[in-house]
Amino acid sequence: MLTSMTGFAARTGRADGFTWGWELRSVNGKGFDLRFRMPDWLGGLEADLRKQVGASVSRGSVSLNLRIAREAGENAVEINEDALTRVLDAIAQIEDRAGATGVNLTPASASDVMNFRGVMDAPQNREASEELLTELRADIAPLLASFNDMRAAEGASLHAVLTRQLDEIETLTRSAHDMLGQRSADMRANFQAAIARVMESRAEMDEARIAQEIAVLAVKSDVTEEIDRLHSHISAARDLMASGDPVGRKLDFLCQEFNREANTLCSKAQNAGLTEIGLALKVLIDQMREQVQNVE
């Protein structure tokens, strides 16, 4: 079964006087790109998170965000003494400079000082307790499980769509093969006309050259190989989809090969019905490739 690169999961928790919320999301990507957004004082978590997410996801642009805050209560508000000192010193320096130049400033209020970054966020800049880190690490497994459930559900939908598209491609490919008999009469007339044109130049060409030109015309009109390759690609795509492995890149490459054969079929068709089938194949292959871009 296929897995989608698109997924989302969220989870909340609380421990050691803190509440938090996780958000894990991913979108399409050519490779695996994992980005974190979390407070610096929890930086020690990153190695564990990268290992766990990397073991579960092989492709896609993934972002993991953690928002954490101290629970409301008596100790919820603390002053960062170092930050407060820096802010007050900076205010004093600015006021001294302004006074020396004759500029009058409005005095800063306590609420103004509190709003400076870092003054009131000391609780979230302290070293995380082992209890908090343990609880946060324990949250990752269920978060990933929910995330992967969504990706699997999306993958099942992709599997159904791609299976239907492969069925339609197979039907068109069989129709192309069945049309070869009906096409032979038109091809015979076109072939004879081409030979006649070659024979008109016979005086200027030797027998070996004539035989070579006829062989080239025969090769250019034969689409059996293209039809056989389309059948082979269909079988390969089904095998990849059933493997259970991350096969998005391989399916994308296979779509290019599908398109190559459809293009050649159109260029060799020399028949309205076969050309119509070739164009229908190209449309289906483009639609299939759009879906493949979502496969991990």
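Where in the stretch 1-89 are there GluC sites (Glu not before Pro) that are in a DSSP coil and have at most 14 other Cβ atoms within 10 angstrom of their Cβ?
GLU71, GLU74
The ranking of MET150, MET5, MET114 from fewest to most other beta carbons within 10 Å of each one's beta carbon is MET114, MET150, MET5.
With a cut-off of 11 Å between beta carbons, the residues surrounding GLU296 carry a summed charge of +1, where Lys and Arg count +1 and Asp and Glu -1. By the count of neighbouring beta-carbon atoms within 10 Å, fewest first, LYS268, LYS30 end up ordered LYS30, LYS268.
Only the coordinates and a few stated rules stand behind these numbers; no lab work does. Please read these numbers as outputs of a predicted model, since none were measured by experiment. Don't worry about glycine lacking a Cβ; one is built from the backbone with ideal geometry, like all the others, and counts go over all protein chains shown.
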